[in-house]
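The values are calculated or read from the model by the stated rules, or taken from the named source; none is laboratory data. These figures come from a predicted structure and were not determined experimentally. Counting neighbours? That spans all protein chains shown, and the Cβs are built from the backbone with ideal geometry, glycine included. Protein only, heavy atoms only, side chains kept; ligands, DNA and RNA dropped before computing areas. Shrake-Rupley method; radii C 1.70, N 1.55, O 1.52, S 1.80 Å.
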Amino acid sequence: ADSIAVGRPRNTVKATEALHESGGTSVVVSDEEILHAEQTLGSTEGLYAEPAGAAPIAGIRKALAEGIIDDDESVLAVVTGSGLKDTTSAMEAAGSPTEIQPELGEVRRRYRVDD
């Protein structure tokens with residue numbers, strides 16, 4: 001995820017201290033897992049998130065798979081950053097957009113929307 005892939009993070013010490021003090025944990029997710037989370041956010045929640053914004057969803061998935069988070073626990077993810085900031089990754093995650101004429105009738109025909 002380009003916007004969080006930095007060679008020298010700014011607050012590594014503060015972040016690890018906060019993680020330790022809170023009794024928290026962390027997981028590592030791949031770019032592929034992040035792209036999958038980005039696609040899931042779009043298809044299930046209607047959110048167009050940039051990869052950095054989708055990273056928490058990928059992390060939650062991994063934490064669930066690893067048993068760090070139980071199936072019956074409630075989890076909140078704050079998804080920030082519009083996908084418009086990184087359209088290349090969005091197209092990699094979801095494919096190229098479908099082009100249609102900017103007319104309501106075309107939208108209705110294409111997506112079979114009734115009045």
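Odds and ends about this structure:
- The one condition in (1) touching a residue at least 24 places away in the same chain (Cβ under 8 Å); (2) of a type in the set (A, V, I, L, M); (3) part of a loop (DSSP other than H, G, I, E, B) that VAL6 fails to fulfil: (1)
- Exclusive hit being assigned to a helix (DSSP H, G or I), of a type in the set (Asp, Glu) and surrounded by fewer than 17 Cβ atoms within 10 Å (Cβ to Cβ), set GLU99, GLU32: GLU32
- Filter result (in contact with a Pro (Cβ under 6 Å, 6 or more places away or on another chain) and of a type in the set (Gly, Ala, Ser)) within region 32-90: ALA77, SER89
- Residue count for region 36-80 under the criterion of being open to solvent by 30 Å² or more (accessible area, probe 1.4 Å), touching a residue at least 24 places away in the same chain (Cβ under 8 Å), under 21 Å from ALA5 (Cα atoms) and of a type outside the set (Lys, Arg): the result is 5.
- Residues of region 14-25 that turn out to be open to solvent by less than 80 Å² (accessible area, probe 1.4 Å) and not in a helix (DSSP H, G or I), as a count: 2
- Tallying residues that are in contact with a Lys or Arg (Cβ under 9 Å, 6 or more places away or on another chain), at pLDDT below 90 and hydrophobic (A, V, I, L, M, F, W, C) within region 1-51 yields 0.
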